[in-house]
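Accompanying notes for the structure given below.
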Amino acid sequence: DGDDRLGLPGDAEGEWDFDSKTDTPDVPLSTADTDNTPECLSKALQGLPPRWKNYWIRGVLSIAMISGFFLIIYMGPITLIFVVMCVQIKCFHEIITIGYRVYHSYDLPWFRTLSWYFLICVNYFFYGETVADYFGALVQREEPLQFLARYHRFISFASYLAGFCMFVLSLVKKHYRLQFYMFAWTHVTLLIVVTQSHLVIQNLFEGMIWFIVPISIVISNDIGAYLFGFFFGRTPLIKLSPKKTWEGFIGGYFFTVVFGFLLAHFMSQFQYFVCPVEFNSDTNRFTVECEPSDLFVMQEYTLPAGLQNTLKWKTVNLYPFTIHSVFLSSFASLIGPFGGFFASGFKRAFKIKDFASTIPGHGGIMDRFDCQYLMATFTHVYIGSFVRGPNPSKVLQQLLMLQPEQQLSIFHTLHSHLRESGMLPPAATQAE
Amino acid sequence: MTELRHRIAKDTEPPLQQHPSEGSDSELKAEKDGLSDSESKVDSGVPEVPVPPDDTPEVLNKALSGLSSRWKNWWVRGILTLAMISFFFIIIYLGPMVLMMIVLCVQIKCFHEIITIGYSVYHSYDLPWFRTLSWYFLLCVNYFFYGETVTDYFFTLVQREEPLRILSKYHRFISFALYLTGFCMFVLSLVKKHYRLQFYMFGWTHVTLLIVVTQSHLIIHNLFEGMIWFIVPISCVICNDIMAYMFGFFFGRTPLIKLSPKKTWEGFIGGLFATIVFGILLSYVMASCRYFVCPVEFNNDSNSFQVDCQPSELFQLQDYTLPSVLESITGWTTVRLYPFQIHSIALSSFASIVGPFGGFFASGFKRAFKIKDFANTIPGHGGIMDRFDCQYLMATFVNVYIASFIRGPNPSKVIQQLLALRPDQQLHIFNSLKAHLIEKGLLPAVEAAA
């Protein structure tokens, strides 16, 4: 966000640091820091002073992005996956471009090619694992897909190794250290950007509500904290982001909890959002139709005595999901900003104002998504720990891949377990 | 190691007849004079990495004091090589538990060595928390991985104890929360003047964790598959090291890669053939022994590891018909082999052809940061990381190979996942499995009545 108004290197605040004495490469300025506002907006806002002009641009673009968000939700899961992939590629591109500016000045070979190659390898690995899970029936039908699925890990590993060997062969005598730094840069970026975007997609398959609510909560926290800070802000929060205040932080927290609660309540009623995304092999399309799970069925909760006296209600009807949303909102407001601080620190470290100038008034895609990534990982871990168990189709798939004796022994174990829990009538079984 | 010594000898003319394993300051300075002119423009102001003192034990020094320094070095290397190989045999004899402990210790030492290099480069800036945070992240990642492994293999033990059960049910959440704490501590520890250094160190730590910790856990997974999957790859890499060195020593002429000037094509190819032969012989010896071949299992009643099983098909002798070319040469029509020996050819080939790239990577890394060895833990050889740089790629390859070509998923893990499902999902899977087994003829059709 644009409140970290970094000046040129060596600004008056005395941020001249001893880093320049070491071999940590500096990042030369680039054209990415120039203004990118479209002509029409510039003309329309000509009359206003620059501060208001900035607010208007940010406002218009915010509304545009939120509308875009609604549009792609309407268009369905496939579009969402596609958009997630595009965002991931753009974020990767932005971060690698920052590194490349350093690298390029030394005419080092292959850096960009290798980075993109590693991106493709890691994406191939992850998408292959996801596709094999969810499109099991489709994969079994086609012969080449079956082969690719069976040896998927080996093929991914071989592709990665090819890139690794190319890197080793591309080492140039004078620039070893820079090349190792760039190799590590690429890998850390892959770790952050690619793995978390795939967690986003796995959340999406759980049910679109697990994708929409976390993202909306982070956006609302951003906006809420900004507004509270604007009107009531007084005490600075952290040296890293001087424009953030405690009032904004706490106000944003309560605002987000309330917003998340209302949004979760609203969305839990629709099957379109609540049902897991499944691929129907007959119609070759995604379907979102199911019996909503317990989480999305209204239940009565008895209020604790304190609230009973205040509100004069004995019980309240809630979706259980709204209670989960309180935890998601708390995480987004309390821990999510650390992702933003991390990105701010990163920008200060490399003396850049924004990651890129893709979105006028807001900076690059990465600027908008820096808090989202931590949220996506948290949501995924949360779902895995508190909401669902493992994916049944994946378990069945693994079962069918075992040796026959192992399958038999598992069959007997499962049989006795089901008899114990009463799912199978005990009297009907004979000696096994 | 030897490569850097050669470079120094070519570039400068200092009296470098002293003991090469004594990392003295004069050697490093001479190297800087010879090389830093061209590199100083690019990597300005390289902080000097302090060289650890020589670590050769007194007894060895005394015994070898009479020889010239070159022979002395070889004797030291030779003796230490034998010592390491004997140690390897001893820990194999001691069993799986000890092996796991040793893998954990090696991993911690490698991590320590790499972090120390980073720390010594940037120490002069008194950055707070760097070492604490690095060790904390190491603990978190290890907790995550060991938790996943323990839950898989010690499933029944975990189910019995109540606190363990809770820890294992919410394992991912706890690990993630621990990691996040470290992440937030890092953000709070950012100091105004040193942002960039701190981010570099954060990246350094994470890449090190990625390389060292994940691959050491793949080694442990291989180990549980059967000790042979642990011993044969490591032995192949060691053999390739030694054989390539020998072939290069006796026949070496054409340099292989600029990064390691002492490696030659003759050594590379000779090492490949020698390692394949060695791999075949070693697998033949080991495949007949149940101790090596059986998966390691934890016996809940006796609370100990056991390696007792019916050896799988891989480890039973089979007849293979030789192709006609080999028939005419050797005069045999068929040959009896363990199928595992054929897999060992693939493993040896990888160790000889792709494994060295791990070594080149480490050489490049050492040149990039102008260090001779990762540390001076093993006299004559350098640090633990120096000995293990080729092993890590091998461990990952073996793990991927096993998963792709040998076994399917781990049965105990599948049971665990099954029992975590909802009852209606379990019933659905039960019926699918029953239909599948009846189709295959493993279950009599009369079971269908149940």
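The combined condition, being over 15 Å from A:P337 (Cβ atoms), among the small types (G, A, S) and within 20 Å of the chain's Cα centre (by Cα), is not fulfilled by A:G306. Candidates are the residues of region B:185-202 that are free of Cβ contacts under 8 Å to residues at least 60 places away in the same chain and surrounded by fewer than 18 Cβ atoms within 10 Å (Cβ to Cβ); the one that is nearest to B:L138 (Cα to Cα) is B:M185. Please work out if B:D373 is assigned to a helix (DSSP H, G or I), away from chain A (no Cβ under 12 Å), touching a residue at least 24 places away in the same chain (Cβ under 8 Å) and crowded, with 20+ Cβ neighbours inside 10 Å. So B:D373 fails the test.
Within region A:179-190, being closer than 16 Å to A:Y117 by Cα and not polar (S, T, N, Q) holds for A:M182, A:F183, A:A184, A:W185, A:H187, A:V188, A:L190.
What tally of residues in region A:107-128 results from selecting those that are outside any loop (DSSP other than H, G, I, E, B) and either outside the structural domain of A:C86 (by TED's automatic domain parsing) or buried (at least 17 other Cβ atoms within 10 Å of the Cβ) (or both)? Walk me through how you get there before you give the answer.
Of region A:107-128, the ones outside any loop (DSSP other than H, G, I, E, B) are A:111-128.
Now drop any that are not either outside the structural domain of A:C86 (by TED's automatic domain parsing) or buried (at least 17 other Cβ atoms within 10 Å of the Cβ) (or both), which leaves A:111-112, A:114-115, A:117-119, A:121-123, A:125-126, A:128.
Count: 13.
Total residues in region B:214-233 satisfying the condition of being among the β-branched types (V, I, T), more than 17 Å from B:V98 (Cβ to Cβ) and surrounded by fewer than 23 Cβ atoms within 10 Å (Cβ to Cβ): the figure is 1.
Within the group A:L400, A:L414, which residue is within 7 Å of chain B (Cβ to nearest Cβ), at pLDDT 75 or above and more than 30 Å from A:G59 (Cα to Cα)?
Numbers: A:L400 fails: at pLDDT 75 or above.
When all the criteria are applied, what remains is A:L414.
When A:G229, A:G252 are checked against the criterion of being more than 21 Å from the chain's Cα centre (by Cα), closer than 21 Å to A:A332 by Cα and crowded, with 20+ Cβ neighbours inside 10 Å, a single residue qualifies: A:G229. Residues that are within 16 Å of the chain's Cα centre (by Cα) and either at pLDDT 85 or above or of a type in the set (G, A, S) (or both) within region B:78-87 are absent altogether. The set of residues from region A:141-178 being more than 21 Å from A:S115 (Cβ to Cβ), touching a helix residue (DSSP H, G or I) at 6+ places or on another chain (Cβ under 7 Å) and among the aromatic types (F, W, Y) comprises A:Y151, A:F154. Farther than 24 Å from A:T379 by Cα, in a helix (DSSP H, G or I) and at the interface with another protein chain (Cβ under 7 Å from one of its Cβ atoms) - does that describe any residue in region B:207-220? Yes - at least one qualifying residue is present in region B:207-220.
Residues checked against (1) more than 8 Å from every other protein chain (Cβ to nearest Cβ); (2) in contact with an Asp or Glu (Cβ under 6 Å, 6 or more places away or on another chain); (3) loosely packed, with under 15 Cβ neighbours inside 10 Å:
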| site | (1), (2), (3) |
| --- | --- |
| A:Y134 | yes, no, no |
| A:P144 | yes, no, yes |
| A:V188 | no, no, no |
| A:L191 | no, no, no |
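Tell me, please, whether a residue that is of a type in the set (A, V, I, L, M), more than 30 Å from B:K366 (Cβ to Cβ) and at pLDDT 80 or above can be found in region B:302-312.
As a first pass, look at region B:302-312 and keep what is of a type in the set (A, V, I, L, M): B:307.
From the residues that got through so far, the ones that are more than 30 Å from B:K366 (Cβ to Cβ) too are B:307.
If we keep only those that are at pLDDT 80 or above too, we end up with none.
No, region B:302-312 contains no residue that is of a type in the set (A, V, I, L, M), more than 30 Å from B:K366 (Cβ to Cβ) and at pLDDT 80 or above.
Screening B:S363, B:S352 for residues that are farther than 23 Å from B:E313 by Cβ, touching a Phe, Trp or Tyr at 6+ places or on another chain (Cβ under 9 Å) and of a type in the set (S, T, Y) leaves exactly one candidate, B:S352. Within region B:364-392, the set of residues being in contact with a Leu (Cβ under 8 Å, 6 or more places away or on another chain) and within 28 Å of B:H221 (Cβ to Cβ) comprises B:I378, B:H381.
Among the candidates B:S175, B:S134, B:S120, the residue that is under 23 Å from the mean Cα position of the chain (by Cα), more than 30 Å from B:C294 (Cβ to Cβ) and polar (S, T, N, Q) is uniquely B:S134. Does B:F357 fit the bill of being more than 27 Å from B:Y291 (Cα to Cα) and part of a helix (DSSP H, G or I)? Spelling it out, B:F357 is indeed more than 27 Å from B:Y291 (Cα to Cα) and part of a helix (DSSP H, G or I).
The values are calculated or read from the model by the stated rules, or taken from the named source; none is laboratory data. Source: prediction; values computed, not measured. Methodologically, a virtual Cβ is constructed for each residue, glycine included, from the backbone with ideal geometry; neighbour enumeration extends over all protein chains shown.
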